[in-house]
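Notes to accompany the following structure.
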Amino acid sequence: MDLANIIPPDWAASFELADLIYAVMGCLAAVFVGVQLAKKQALQFSGQKQQAGHLPAVTFADYGDMRFLHLGTPWVQGSMKISQPHEIHLEYVQRMMAWLLVADLDQVQRLQAMQLGLGAASLTKFCHLRLGMPTIAVELNPQVIDTCRRWFHLPPNNANLQVLLADAADIASNNTWHGKIDALQVDLYDQEAACPALDSEAFYADCHKLLTAQGCMTVNVYGRHSRLETSVQRIAKAFGQEAMWAFKPTSAGNTIVLAFRTPRAWDKRALLLQAQMIQTRWSLPAQKWLQELAPLPS
C-alpha cells in the first residue's frame, strides 16, 4: 500500500514528528491510567473481603440502566434494571419461576414462596409484589439485606414478607417450615460464585421436607467448579429422578433444575396453555421455557 497516494500532500506536510510523539505519549498515558484504575478496583474488592471477616463486604455498581450486586469480588451476584426494579430481567432468574407451569394460577396468592439466598432480591420482589404471594427469604449476610433494602427496592418486612437473617441449611432442617412451602427457590453462592454453597444430599433431603404435597423446588446450578451431573444425582436421591425436570444451560452456563414433591406428568398441550397464561399475566417468557425444559430421562 502506497501511503503517499493516500495521505493528502498538504496534510502530510503539516504532520510533524512532534505530533507523532505527543500522540504516542497520549496513548501510553491512557493505558497507564486504565491499568491503575483496574488495580485500584481489584485492591478495593480485596480490602472489602478482609474487612468483612468471614462474610464478604457488599457493594453495588451502576452501568447505564443496570445495577449490579457484588460480594467483595468482581463476580456479579445479582442485578436489577433501575427503570423496572420489580421485574426479572436475567434469563436464569426468570427460569427460577418455572414452577408456575404446574401451579393453579388463580390461587397463586394463596401459595407460600421461600427463597434460600436473597441475591439482589429479584425473586423475592417478584413473588411478593408482582404475584402477591406470602414470601420468606433467607439470607446469611446482613449487609446483603441492608443493601437490597437501600438500593434494590426490597420492601421492609410486613404481614406477607419475611426476610430472615439466617443460615439456609438451618432453615431447611427446621421442622417449623416442613410441609409448608409451595415454591422453594434455591440460589446459594459464595463471593466467588464458583459452585453452590449448599449442594449435599442431606440439604436436598431437607428441601424435600419443606415442600407441600404439590410443592416445587427450583435450583440454580452454576459455577466453574460445579458439576451438574453430581448436583442432579444428589437432588434425585431426595426427590426421585421421575420427579425432576431440567432446563438446558443458559448462554451464561446456569442450569435450572425443577424438583417436585409429587411427580408431575409432562402434558405438552396443557403446559403450552399454562405458558400462554403466564406470559399474558406477568410477561415472563414461559412459552420459550417449553423449548428448553424437559423431564429428566430415566
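List of remarks:
- Those residues of segment 151-173 which are without any contact (Cβ under 8 Å) to a residue 40 or more places away in the chain and within 16 Å of HIS86 (Cβ to Cβ), in sequence order: LEU154, PRO155, PRO156, ASN158, ASN160, LEU161
- Filtering segment 121-141 to residues that are without any contact (Cβ under 8 Å) to a residue 60 or more places away in the chain and either among the aliphatic types (A, V, I, L, M) or farther than 29 Å from ALA213 by Cβ (or both) leaves ALA121, LEU129, MET133, ILE136, ALA137, VAL138.
- Segments classed as helices (runs of 4 or more DSSP H), wholly inside segment 106-182, with at least 1 members that are closer than 21 Å to LEU90 by Cα and either of a type outside the set (S, T, N, Q) or modelled with pLDDT of 95 or more (or both): 122-125, 142-151
- All positions within segment 249-284 that are closer than 12 Å to GLU91 by Cα and exposed (fewer than 14 other Cβ atoms within 10 Å of the Cβ): SER251, ALA252, GLY253
- Residues located in segment 80-105, provided they are assigned to a loop (DSSP other than H, G, I, E, B), of a type outside the set (D, E, K, R) and surrounded by fewer than 22 Cβ atoms within 10 Å (Cβ to Cβ): ILE82, SER83, GLN84, PRO85, HIS86, HIS89, LEU90, ALA103
- Looking across segment 44-69, the residues that are modelled with pLDDT of 50 or more, surrounded by fewer than 17 Cβ atoms within 10 Å (Cβ to Cβ) and within 17 Å of ILE145 (Cα to Cα) come down to HIS54, LEU55, ALA61.
- For beta carbons closer than 6 Å, sequence separation of 6+ or different chains, a first residue in segment 85-97 that is of a type in the set (Val, Ile, Thr) and a second that is modelled with pLDDT of 95 or more, the qualifying pairs are ILE88/GLN94; ILE88/SER122; ILE88/PHE126; VAL93/SER122.
- Residue tally, condition under 13 Å from GLY117 (Cα atoms), modelled with pLDDT under 95 and polar (S, T, N, Q), over segment 183-210: 1
- Unmet criterion (only one of (1) within 26 Å of GLN287 (Cβ to Cβ); (2) in contact (Cβ under 8 Å) with a residue 60 or more places away in the chain) for SER79: (2)
- Cβ-Cβ contacts under 6 Å between residues 6 or more apart (or on different chains), taken from a first residue in segment 285-298 that is more than 15 Å from ARG264 (Cβ to Cβ) to a second residue that is buried (at least 16 other Cβ atoms within 10 Å of the Cβ) and among the aliphatic types (A, V, I, L, M), are listed as ALA286/ALA275; ALA286/ILE278; GLN287/ALA275.
- Residues of segment 265-294 satisfying the condition of being assigned to a helix (DSSP H, G or I) and among the aromatic types (Phe, Trp, Tyr): TRP282, TRP289
- Segment 126-181, residues that are out of contact with any helix residue (DSSP H, G or I) (no Cβ under 8 Å at 6 or more places or on another chain), of a type in the set (Ser, Thr, Tyr) and crowded, with 19+ Cβ neighbours inside 10 Å: THR147
The values are calculated or read from the model by the stated rules, or taken from the named source; none is laboratory data. The structure presented is a predicted model; accordingly, all values stated were derived computationally and were not measured. Using ideal geometry, Cβ is built from the backbone for each residue, glycine included, and neighbour counts are taken over all protein chains shown.
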